[in-house]
Amino acid sequence: MKYEFPENFLWGAAASGPQTEGITNKQHQSTWEHWFEQEPDRFYNNLSNFVACDTYNRYKEDAKLMKSINMNSFRTSIQWSRLIDDFETASVNEDAKNFYRDYFEELIANGVTPVINLFHFDMPMPLYEQYGGFESKHVSELFAKYAKVCFELYGDIVKLWTTFNEPIVTVEGGYFDDFHFPNKVDPKLGIQVGYNTQLAHALAVKEFKALNTGGEIGITVNLTPAYPRSNNPADLKASEIADAILNKSFVDPSVKGHFPQLLIDLLREDDMLPEYTKDELEIISENLVDFIGINYYVPQRVCAPRHLHNPESPWHYGKYFDGYSMPGSRNNPHRDNNEIYPKAIYDIAKTVQNEYGNIKWYVAEIGISITNEDSLRDESGMVDDSFRTSLFKEHMVQLHKAIEEGSNCFGVHQWTFIDNWSWINSHKRRYGFFYLDLETRDRHMKKHALYFKQLVEDNGFEM
């Protein structure tokens, strides 16, 4: 059967500035560079992002490689810590200004539409040292200043923007579960960070619409349904709560203009509501997105809590639900046996269609991780990641079905273009169309890239 996709469908890849650029000519550290200097042992094989893919020096080569496999779009991010010299005035670093201009123009010259994100987990360290990052609403205001500068500098050539990537992750990792800086176990502060991040998003959207440079603005989120273990009322309740906290907490205010009532009720009952004002809620309600990006890797399965929450331990949303591994699930042998569930893409698409007014959306990240790719080389030395191709096709069958049923999806970006640095996992897991040699930083095409090239040329595939 032939699966054809809509005309002008975006086929591309996703990455971020802090995971690809390296620190060449970077004026300020982000929290990630600082954290690595303080605790390198927290990072797999003690590998930093100081070089990463060396994209700062090799972006022209990369744009040509994108063209060679027919990529028509690419999502990356501007680094706040690179572009801005003085965060209070939002004065611009000239070298960074020119780098990003050249980078985006090089993409366009090679037929690649840039989709540019403004924040990918990378708080500038000076703003954390002075204010605690998004612990302070002042930093939300500074983010809007930074966003305005980006729109002014590049709005003539960048027409698809997003404000944040997976904002829930910074809250979870930094203030609940200790896998992002600042590694605090302070849930009430984390909830304030989440609220202030949403406020920063809305302020940036307001700046974008006031400038009227053309184009559209969105946010990239997680929206994987919280699948309940069973139809038992306790499991169904756990699923509903998990959905409100992990999915709807950022999607609802971004698309609908208000936070989910269930989330508000839970936080109020537990005395965990953030500080807010009526004027701030109006800003959030009035500045809605034009589209959303959705990242998907593995399904989210939950059940009712197995144990009572310890009243003396810090508050955690886990008091309302536990994660659940479904017996007999199909798992990825190349990555920690994580579950493979292509139908989730269909379910995500239907959620957007049925619960969010069928707003325009795209798959902002979808990735098949392989941990030991060197073991998959064929006789020519090319990484044979046909496993990745077969799974990708299964997911696209599900997406195609949803599009045929009316889902307003306009593209798919795979994670990632080149194997990049991935936070505390460093280079443990590989996802790219191109293999990154960690000694030379040279790029080598994988077999999946050849499939992708044909996919884009045909705007579809056969199964």
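The values are calculated or read from the model by the stated rules, or taken from the named source; none is laboratory data. Everything numeric here is computed off the predicted structure, so don't read it as measured data. A quick note on method: Cβ atoms are made from the backbone with ideal geometry, for glycine too, and the neighbour counts reach across all protein chains shown. Surface areas here come from the heavy atoms of the whole protein model, side chains and all, with no ligands, DNA or RNA. Shrake-Rupley method; radii C 1.70, N 1.55, O 1.52, S 1.80 Å.
The table for this structure:
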item: Long-range neighbours under 8 Å by Cβ, at least six apart or interchain, first residue touching a residue at least 60 places away in the same chain (Cβ under 8 Å) within segment 184-201, second crowded, with 17+ Cβ neighbours inside 10 Å and among the acidic types (Asp, Glu); result: Gln192/Glu135; Val193/Glu135; Asn196/Glu135; Leu199/Glu280
item: Single residue of segment 144-166 satisfying the filter (in contact with a Gly (Cβ under 7 Å, 6 or more places away or on another chain) and not in a loop (DSSP other than H, G, I, E, B)) that is most open to solvent (accessible area, probe 1.4 Å); result: Leu160
item: Some residue of segment 398-407 being part of a loop (DSSP other than H, G, I, E, B), buried (at least 17 other Cβ atoms within 10 Å of the Cβ) and β-branched (Val, Ile, Thr); result: no
item: Selected residue [charged (D, E, K, R), modelled with pLDDT of 95 or more, over 22 Å from the mean Cα position of the chain (by Cα) and open to solvent by less than 40 Å² (accessible area, probe 1.4 Å)] from Asp252, Asp235, Asp186; result: Asp235
item: Segment 108-127, subset crowded, with 22+ Cβ neighbours inside 10 Å and either under 15 Å from Phe87 (Cβ atoms) or without any contact (Cβ under 8 Å) to a residue 40 or more places away in the chain (or both), residue nearest to the chain's Cα centre (by Cα); result: Phe119
item: Output for segment 209-222, where each listed residue is in contact (Cβ under 8 Å) with a residue 40 or more places away in the chain and open to solvent by 10 Å² or more (accessible area, probe 1.4 Å); result: Lys209, Leu211, Thr213, Gly214, Gly215, Glu216, Asn222
item: Residues of segment 82-107 satisfying the condition of being in contact with a Gly (Cβ under 8 Å, 6 or more places away or on another chain) and open to solvent by 60 Å² or more (accessible area, probe 1.4 Å); result: none
item: Within segment 23-75, considering residues that are assigned to a loop (DSSP other than H, G, I, E, B) and among the aromatic types (Phe, Trp, Tyr), the one nearest to Gly173 (Cα to Cα); result: Phe43
item: Any hit, segment 14-26, residues being closer than 30 Å to Glu405 by Cα and open to solvent by less than 60 Å² (accessible area, probe 1.4 Å); result: yes
item: Qualifying position, being in contact with a strand residue (DSSP E or B) (Cβ under 9 Å, 6 or more places away or on another chain), open to solvent by 10 Å² or more (accessible area, probe 1.4 Å) and over 21 Å from Phe181 (Cα atoms), among Met1, Met66; result: Met1
item: Answer residue from segment 419-446, given it is of a type in the set (A, V, I, L, M, F, W, C) and either out of contact with any Asp or Glu (no Cβ under 8 Å at 6 or more places or on another chain) or open to solvent by 10 Å² or more (accessible area, probe 1.4 Å) (or both) and is nearest to Pro342 (Cα to Cα) among those; result: Phe433
item: Yes/no for Tyr320 being open to solvent by 30 Å² or more (accessible area, probe 1.4 Å), more than 23 Å from Gly406 (Cβ to Cβ) and of a type in the set (Phe, Trp, Tyr); result: yes
item: Given (1) without any contact (Cβ under 8 Å) to a residue 24 or more places away in the chain; (2) touching a Ser or Thr at 6+ places or on another chain (Cβ under 9 Å), number of the condition Ala349 does not satisfy; result: (1)
item: Selection status of Phe387, touching a residue at least 12 places away in the same chain (Cβ under 8 Å), of a type outside the set (D, E, K, R) and more than 20 Å from Lys67 (Cα to Cα); result: yes
item: Residues of segment 303-312 satisfying the condition of being of a type in the set (A, V, I, L, M, F, W, C) and part of a loop (DSSP other than H, G, I, E, B); result: Ala304, Leu308
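Listed here are the residues, each with its yes/no results for (1) within 23 Å of the chain's Cα centre (by Cα); (2) assigned to a loop (DSSP other than H, G, I, E, B).
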position	(1), (2)
Pro314	no, yes
Gly318	yes, no
Pro327	no, yes
Arg335	yes, yes
Tyr341	yes, yes
Ile345	yes, no
Ala349	yes, no
Val352	yes, no
